[in-house]
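Only one structure is covered here, and it is reproduced in the block below.
The values are calculated or read from the model by the stated rules, or taken from the named source; none is laboratory data. Just so you know, these numbers come straight off a predicted model, no measurement behind them. With ideal geometry, Cβ positions are generated from the backbone for all residues, glycine too; neighbour counts draw on all protein chains shown.
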Amino acid sequence: MTETINTGDIVTGEITHVAEFGAFMVLPDGKDGLVHISEIANEFVKDINQFVKIGDKVKVKIMGLNKQGKYELSMKRTEEEVVEEKPAMFLHSKSSDDHFEDKITSYMKRSEERQIDIRRNLKKKQGIAKRRR
């Protein structure tokens, strides 16, 4: 088992110990590593024991080496990231619903007018408080 492992590689390791903050595992090259609880899953992990147990063989991505020469690992980054195209949220992009566009335009105009009034009133109040006798 003298396999060389580099940062960014995805390998299979065996869980040797589970703690509240993460799971320790041994990798194919014989070195130890830690999968921090924040790197277990793409969701909030309250109880790590729901995701891993001692003896489980899991895929991990090598994130790097720490000062003690132990691997920093991630289980959640082994999954291929699915890039979904999200609609661009630009202020000037047009919707297919003209009625909606009219409502938004009206709302933005009223909102800007209110902000101007608020700023004007605030400046008046500050001006009165700053006058000297």
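Data for the structure
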read-out: Index of the failed condition, S96 passing every other in (1) at pLDDT below 85; (2) in a strand (DSSP E or B); value: (2)
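Each row is one residue, and each column tells you yes or no for (1) touching a residue at least 24 places away in the same chain (Cβ under 8 Å); (2) at negative phi.
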position	(1), (2)
H17	yes, yes
E20	yes, yes
G30	yes, no
V45	no, yes
Q50	no, yes
K57	yes, yes
K67	no, yes
K76	yes, yes
